[in-house]
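A short write-up of the structure that comes next.
The values are calculated or read from the model by the stated rules, or taken from the named source; none is laboratory data. Keep in mind it's a predicted model, so treat the numbers as computed, not measured. Virtual Cβ from ideal backbone geometry, glycine too; neighbours counted across all protein chains shown. Please note that ligands, DNA and RNA were not included when accessible areas were found on the heavy atoms of the full protein model with its side chains. Shrake-Rupley method; radii C 1.70, N 1.55, O 1.52, S 1.80 Å.
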Amino acid sequence: MKQTILLQVLTCIVIGYLLGSINPSFLIGLVKGYDPRREGSGNAGASNTVIMAGKLAGLLVALLDILKAAVAWWLCQWLFPTLRLAGILGGVAALLGHLFPVWLRFHGGRGLACLGGLCLAHDPKFLLMMLGVAILIGIITNYVCIVTVSMSAIVPICYGLLTAFWLGAAVMAIPVIPIFCKHLVNFRRIKSGDELRLSFLFNKQKELERIGRAE
């Protein structure tokens, strides 16, 4: 019995990780002739795709990153309906795969959209609630990196409060430290004044001028 559960857990982790390692930002960069790991913010995710390829491309990447985490959750839940942690394991493994994709030498994105995928897979209403919190943090701080790091802690806490499934919440909290570490470079750029603000989405030229990268 224990061996069966262990096999199911490992299967969920492998499925989730491999799905998460598929990186739409890198694929779009490949088509357009740039590597998001080496240009822009150096992040193979939606925010850097906005910088390098525009808002529509960034939106597409965000949606695909949301979906890959959600699909990993739903697939593992469907495969192992008696394992309550199956979906969470698959979704969290997908998020970690997004952060550290094996295909890209473990240099991936920062995880905000995949966090959204976990919320969506649990309950679309939960996604809307967490989206509202994320928007509020974004308005107050004006930095995507602060939104991502904050939400990595807020999502599992709120999940635990709403479901009382604290083991699941603990698993969802596993990416908190990796996400924080991935954003250290962003915090350093905030300190030096070189980090793009969220207002980049609405006033690209002004933000680029502010950090000395005017087009």
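Within region 1-40, can you find the residues that are part of a loop (DSSP other than H, G, I, E, B), open to solvent by 30 Å² or more (accessible area, probe 1.4 Å) and under 18 Å from residue 108 (Cα atoms)?
22, 33, 37, 38, 39, 40
State which residue is nearest to residue 155 (Cα to Cα) when the search covers only region 94-108 and only residues that are open to solvent by 10 Å² or more (accessible area, probe 1.4 Å) and under 15 Å from the mean Cα position of the chain (by Cα).
This residue is 96.
Across region 45-65, which residue is nearest to the chain's Cα centre (by Cα) among those that are more than 18 Å from residue 147 (Cβ to Cβ) and crowded, with 16+ Cβ neighbours inside 10 Å?
We begin by selecting, within region 45-65, every residue more than 18 Å from residue 147 (Cβ to Cβ); these are 52-54, 56-57, 60, 64.
Right, trim to crowded, with 16+ Cβ neighbours inside 10 Å and you get 52-53, 57, 60, 64.
Numbers: 52: 18, 53: 19, 57: 16, 60: 14, 64: 11 Å.
Out of the qualifying residues, it is 64.
Are there any pairs, at least 6 apart or on different chains, whose C-beta atoms fall under 7 Å, with the first in region 85-97 and part of a helix (DSSP H, G or I) and the second of a type in the set (Val, Ile, Thr) and open to solvent by 10 Å² or more (accessible area, probe 1.4 Å), and if so, which?
88/171; 89/9; 89/13; 89/171; 90/15; 92/171; 92/174; 93/13
Return only the number of the condition from (1) at pLDDT 95 or above; (2) open to solvent by less than 50 Å² (accessible area, probe 1.4 Å); (3) touching a helix residue (DSSP H, G or I) at 6+ places or on another chain (Cβ under 6 Å); (4) not basic (Lys, Arg) that residue 111 does not satisfy.
(1)
Kindly check whether there is at least one residue in region 177-190 that is outside any helix (DSSP H, G or I) and within 19 Å of residue 96 (Cβ to Cβ).
Checking region 177-190: at least one residue is outside any helix (DSSP H, G or I) and within 19 Å of residue 96 (Cβ to Cβ).
Pick from region 137-176 the residues that are in contact (Cβ under 8 Å) with a residue 60 or more places away in the chain and assigned to a helix (DSSP H, G or I): which of them is surrounded by the fewest Cβ atoms within 10 Å (Cβ to Cβ)? Show your work before the answer.
So in region 137-176, the residues in contact (Cβ under 8 Å) with a residue 60 or more places away in the chain come out as 138, 144, 165, 167-168, 171-172, 174-175.
Now restrict to residues that are assigned to a helix (DSSP H, G or I): 138, 144, 167-168, 171-172.
Numbers: 138: 20, 144: 27, 167: 11, 168: 20, 171: 18, 172: 26.
Result: 167.
Quick one: would you say residue 134 is part of a helix (DSSP H, G or I), open to solvent by less than 10 Å² (accessible area, probe 1.4 Å) and out of contact with any Asp or Glu (no Cβ under 7 Å at 6 or more places or on another chain)?
no
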